[in-house]
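The values are calculated or read from the model by the stated rules, or taken from the named source; none is laboratory data. Since we're looking at a predicted model, the values are computed, not measured. Here the Cβ positions follow ideal geometry from the backbone for every residue, glycine too, while neighbour counts run over all protein chains shown.
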Amino acid sequence: MRLEITGLTKRYGKQAALNDLNLTIHEGGVLVLIGPSGGGKSTLLRVIGGLETPDSGTVTLHGERLPVTESGLLAYRRANGFLFQQFNLFPHLDALRNLTLPLETVHGQTPEQAKATAEEALERFGLLAHAHKRPAELSGGQQQRVGIARAVASKPRVLFLDEPTSALDPEMTAEVLELVQELAEGGQRIVLSTHEMGFARAVADQVAFLAEGKVIESGPPREWFENPASEHARRFLSKVLRYL
Amino acid sequence: MTASRRNWNLIAGLAIVLSFAAFCFLIFSGLRGGWNWQGPWEARELLFKGWKTTLWISLSALVGSLLVGLLLMLGQRSPLVVVRWTCRLFLEFVRETPLVVQLLVGYFLIFAPLLSRPLDNIGWDEKLIIGIILLSLFEGAYLGEIFRGGVESIPRTQWESARAVGFNRVQVYRYVIFPQALRRVLPAVAGQFVSLIKDSSLLSVIGAPEFFYQSRVYVSKSYAGLEAYIPLALGYLILTAPIAILSHRLERRFRDET
């Protein structure tokens with residue numbers, strides 16, 4: 001994955017969620033964003049996921065500048081996948097329809113193709129038995145897995161995951177993380193934010209540490225976890241790793 | 001239910017039935033001359049014609065008010081502030097002035113001078129058409145507010161997820177927001193439709209030959225009393241009751257679904 005971000009700034013009122021953020025990634029399929037809450041992880045994901053336009057700065061993904069027009073962003077979102085913490089699924093549709101609807105209406109598949117694609121995706125993640133359940137009948141972990149299945153069913157170039165397990169209990173967290181790891185091993189390019197440090201270390205090719213709207217430092221996970229360069233990251237790690 | 005509660009229920013029920021019966025007795029014993037159903041029966045064609053006109057007005061205004069309501073809702077969510085304010089202003093004006101005044105002003109001052117001749121030329125009843133337009137605007141303003149409430153009650157996460165899967169603006173509304181909002185606003189919309197049917201009786205002030213108007217015509221010709229108004233009440237009930245029943249049924253179905 002080649003990602004270049006320069007001078008990215010996004011303000012909500014007076015609060016700068018991203019403050020002149022810079023980040024360059026040359027290689028690696030999985031980028032993990034780590035850092036304290038309110039440090040800008042979500043906002044960064046939303047901007048590079050095409051859901052939010054920055055106030056200033058540029059993002060270049062695989063040599064292409066992130067579009068600024070609404071129609072450009074729409075095409076960009078259609079080419080990529082995005083998953084939020086929770087409530088990703090449409091509650092009035094069953095799991096299968098949650099997958100087939102975008103395939104038909106956004107990606108131009110026929111109903112038969114969409115059904116085949118969707119069932120294949122559900123099957124792959126062991127969710128086929130739940131195809132005809134509504135989101136309310138699924139556990140939180142199952143909901144997230146269906147959400148991921150929906151996001152990858154259209155073969156996205158990059159999959160963006162914003163704290164995909166933050167709303168789940170430990171057992172469900174494990175089942176979702178396993179799935180993400182499986183995708184990563186299958187070659188899916190992923191940018192995700194998480195508070196699961198063990199998982200971050202295992203799955204990441206690159207980590208970026210964000211705080212106060214900036215990338216404080218970035219690099220391969222082994223080096224960063226063993227020996228973070230900044231005082232800020234050291235303090236953060238000593239806190240979050242204390243009980244591991 | 002406990003035994004004592006059941007007893008009290010029985011006593012309360014009896015009391016209500018008895019006082020209602022006494023009330024009816026007082027009213028009806030005060031009537032002179034007794035019943036005369038001959039009159040309404042002879043006027044049945046006139047009354048039925050009026051009832052059919054009311055049905056027609058209601059159906060047309062129902063479609064019309066849905067369109068107006070939808071437009072007002074979308075207008076209030078427009079990115080253009082001028083459009084938002086115009087819709088808001090129109091909506092407040094319509095909701096905060098009496099329908100009778102709107103009908104009189106709308107008919108005599110605005111639409112009749114504009115539309116009378118062209119409608120006459122194509123052989124349409126101008127009073128009906130203009131009445132339907134005015135009624136649609138009035139009920140549409142209420143529907144606009146109901147729709148807006150429904151759409152705004154859908155959580156932010158649903159809008160975001162819909163954008164994230166790549167739906168465009170129209171698709172977001174069509175596939176995600178409307179189906180969910182519809183379930184929430186259905187009881188209120190049904191209530192508004194019931195109001196619409198009843199409000200259509202006010203079109204008599206501009207002389208639209210609907211049910212209430214024809215009943216009045218009959219009463220003034222025959223000096224009939226209660227015999228004319230009971231069919232009137234029943235006639236409206238036949239139109240409104242199915243909507244109320246349907247809405248309760250749909251409400252239950254949607255609730256079971258989610």
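Summary of values
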item: From the options A:Ser230, A:Ser193, residue that is closer than 23 Å to A:Ile48 by Cα and outside the structural domain of A:Gly108 (by TED's automatic domain parsing); result: A:Ser193
item: Any hit, region A:45-59, residues being touching an Asp or Glu at 6+ places or on another chain (Cβ under 6 Å), part of a loop (DSSP other than H, G, I, E, B) and modelled with pLDDT under 95; result: no
item: Options B:Trp41, B:Trp35: the member that is surrounded by 10 or more Cβ atoms within 10 Å (Cβ to Cβ), in a loop (DSSP other than H, G, I, E, B) and either at positive phi or out of contact with any Cys (no Cβ under 8 Å at 6 or more places or on another chain) (or both); result: B:Trp35
item: Qualifying residues in region A:102-119 (those that are among the small types (Gly, Ala, Ser) and farther than 17 Å from A:Ala79 by Cβ) - the one surrounded by the most Cβ atoms within 10 Å (Cβ to Cβ); result: A:Ala118
item: Residue match in region B:150-162 (condition: among the aliphatic types (A, V, I, L, M) and within 14 Å of another protein chain (Cβ to nearest Cβ)); result: yes
item: Output for region A:56-100, where each listed residue is closer than 18 Å to A:Ser139 by Cα and small (Gly, Ala, Ser); result: A:Ala95
item: Counted residues, region A:13-59 - those being basic (Lys, Arg) and out of contact with any Ser or Thr (no Cβ under 6 Å at 6 or more places or on another chain); result: 2
item: Filtered residues of region A:215-236 (kept if surrounded by 18 or more Cβ atoms within 10 Å (Cβ to Cβ) and farther than 22 Å from A:Asp20 by Cβ); result: A:Pro221, A:Phe225
item: Some residue of region B:205-214 being part of a helix (DSSP H, G or I), without any contact (Cβ under 8 Å) to a residue 60 or more places away in the chain and more than 10 Å from every other protein chain (Cβ to nearest Cβ); result: no
item: Residue under evaluation A:Gln188, criteria (1) outside the structural domain of A:Phe90 (by TED's automatic domain parsing); (2) free of Cβ contacts under 8 Å to residues at least 60 places away in the same chain; (3) touching a Leu at 6+ places or on another chain (Cβ under 8 Å), criterion not met; result: (2)
item: Identity of the residue in region A:98-121, of a type outside the set (A, V, I, L, M, F, W, C), assigned to a helix (DSSP H, G or I) and over 17 Å from A:Gly147 (Cβ atoms), that ends up farthest from the other protein chains (Cβ to nearest Cβ); result: A:Glu112
item: Condition broken by A:Asn22, with the remaining ones in (1) surrounded by fewer than 20 Cβ atoms within 10 Å (Cβ to Cβ); (2) within 14 Å of chain B (Cβ to nearest Cβ) satisfied; result: (2)
item: Only one of A:Leu179, A:Leu241, A:Leu168, A:Leu192 that is under 19 Å from A:Leu83 (Cβ atoms) and either in contact with a strand residue (DSSP E or B) (Cβ under 9 Å, 6 or more places away or on another chain) or surrounded by fewer than 20 Cβ atoms within 10 Å (Cβ to Cβ) (or both); result: A:Leu192
item: Selection count where residues are among the small types (Gly, Ala, Ser) and either surrounded by 14 or more Cβ atoms within 10 Å (Cβ to Cβ) or under 18 Å from A:Ala151 (Cβ atoms) (or both), scope region A:122-134; result: 2
item: Number of the exception - A:Ala17 against (1) aliphatic (A, V, I, L, M); (2) touching a Phe, Trp or Tyr at 6+ places or on another chain (Cβ under 8 Å); (3) more than 14 Å from chain B (Cβ to nearest Cβ); result: (2)
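Yes/no matrix, rows are residues, columns are (1) within 13 Å of chain B (Cβ to nearest Cβ); (2) surrounded by 20 or more Cβ atoms within 10 Å (Cβ to Cβ); (3) under 16 Å from the mean Cα position of the chain (by Cα):
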{"position": "A:Lys41", "(1), (2), (3)": "no, yes, yes"}
{"position": "A:Thr60", "(1), (2), (3)": "no, no, no"}
{"position": "A:Arg65", "(1), (2), (3)": "no, no, no"}
{"position": "A:Leu74", "(1), (2), (3)": "yes, no, no"}
{"position": "A:Phe84", "(1), (2), (3)": "yes, yes, yes"}
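Here's the yes/no breakdown for (1) touching a residue at least 12 places away in the same chain (Cβ under 8 Å); (2) in contact with a helix residue (DSSP H, G or I) (Cβ under 7 Å, 6 or more places away or on another chain):
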position	(1), (2)
A:Thr58	yes, no
A:Leu73	yes, no
A:Phe82	yes, yes
A:Thr110	no, no
